[in-house]
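Since the structure comes first, as structure tokens, the remarks are kept for the end.
The values are calculated or read from the model by the stated rules, or taken from the named source; none is laboratory data. Since we're looking at a predicted model, the values are computed, not measured. In this analysis, Cβ positions are derived from the backbone assuming ideal geometry, glycine residues included, and neighbour counts consider all displayed protein chains. With ligands, DNA and RNA removed, areas are computed over all heavy atoms of the protein, side chains included. Shrake-Rupley method; radii C 1.70, N 1.55, O 1.52, S 1.80 Å.
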Amino acid sequence: MKARTRAGGGFTLRHLLGVLESVEQGDFSVRVAVKAAGVERRVAEAMNQIIQRNQDMATELKRLSEVVGREGRLSHRASAPGPGEWEESIDAVNALIANLIQPTKEVARVIGAVAGGDLSQTMALEIDGRPLTGEYLQMADTVNTMVAQLNAFASEVTRVAREVGTEGKLGGQAAVAGVSGTWKDLTENVNFMASNLTNQV
């Protein structure tokens, strides 16, 4: 039987179904016509509020994606369009962002210290009392290994330079364990230079 408009200008079931189908397809621009009074009006207003909150949620997530993901403004967070599960969903998104950002900030802190000549800093393996796991832990291990190799290399170069150049202890050689690639090349170059100085003397 075809749905009819009730007396007083209320919405039809066909109209309500059309709105629901649009929302189900991700179109949050539609609204239920609010013309009736009583229960029909309350249904229309509640439905429209649900649609509005979905629209607000989508807009907020897009904004957050832009300002945090593209513009790098890491302090921004989403605000909830409503109570209950709306708020809990936004809280979960904000927690996700915080969890993603904290290791990034740690990397920036350590790399900044290295760039400033401070090789004593390492990435924390726990954040807020929780140990890093997965790729977060791999990233932290990689950064900490890099700092350790830089530290070992700097210490050995300083020692050899002091012994050979300042103290006159000829024959000094740098020994940096576990290095490869450029680290190994640099160590070998330092040792070659020290050997040349020793041979010249």
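Some points to look at:
- Positions within region 99-124 being among the aliphatic types (A, V, I, L, M), under 18 Å from the mean Cα position of the chain (by Cα) and under 15 Å from M146 (Cα atoms), in sequence order: V107, A108, V110, I111, M123, A124
- Against the numbered list (1) open to solvent by 40 Å² or more (accessible area, probe 1.4 Å); (2) in a helix (DSSP H, G or I), A113 comes up short only at (1).
Quick grid of which residues meet (1) small (G, A, S); (2) under 30 Å from F192 (Cβ atoms):
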| site | (1), (2) |
| --- | --- |
| A124 | yes, no |
| D141 | no, no |
| N151 | no, yes |
| T158 | no, yes |
| G168 | yes, yes |
| A177 | yes, yes |
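- Counted residues, region 69-86 - those being open to solvent by less than 90 Å² (accessible area, probe 1.4 Å) and either part of a helix (DSSP H, G or I) or within 15 Å of A58 (Cα to Cα) (or both): 8
- Scanning region 10-37 for residues that are under 19 Å from D56 (Cβ atoms), part of a loop (DSSP other than H, G, I, E, B) and either touching a residue at least 40 places away in the same chain (Cβ under 8 Å) or more than 35 Å from the chain's Cα centre (by Cα) (or both) yields R31, V32, V34.
- Listed by first and then second residue, the pairs linking a residue in region 40-51 that is over 15 Å from T12 (Cα atoms) to a residue that is part of a helix (DSSP H, G or I) and not basic (K, R), with Cβ atoms under 7 Å apart and 6 or more places separating them unless they lie on different chains, are I51/V23.
- Exactly one residue among M1, M47, M57 is closer than 30 Å to E135 by Cβ, modelled with pLDDT under 95 and not acidic (D, E), and that residue is M57.
- Residues that are in contact (Cβ under 8 Å) with a residue 24 or more places away in the chain and of a type in the set (S, T, Y) were ranked within region 54-113; the one that is nearest to E126 (Cα to Cα) is T104.
- Within region 70-94, being of a type outside the set (A, V, I, L, M, F, W, C) and closer than 17 Å to Q55 by Cα holds for S79, P81, G82, P83, G84, E85, E87, E88, S89.
- Of the residues screened, S65 is not one that is more than 26 Å from R14 (Cβ to Cβ) and at pLDDT below 90.
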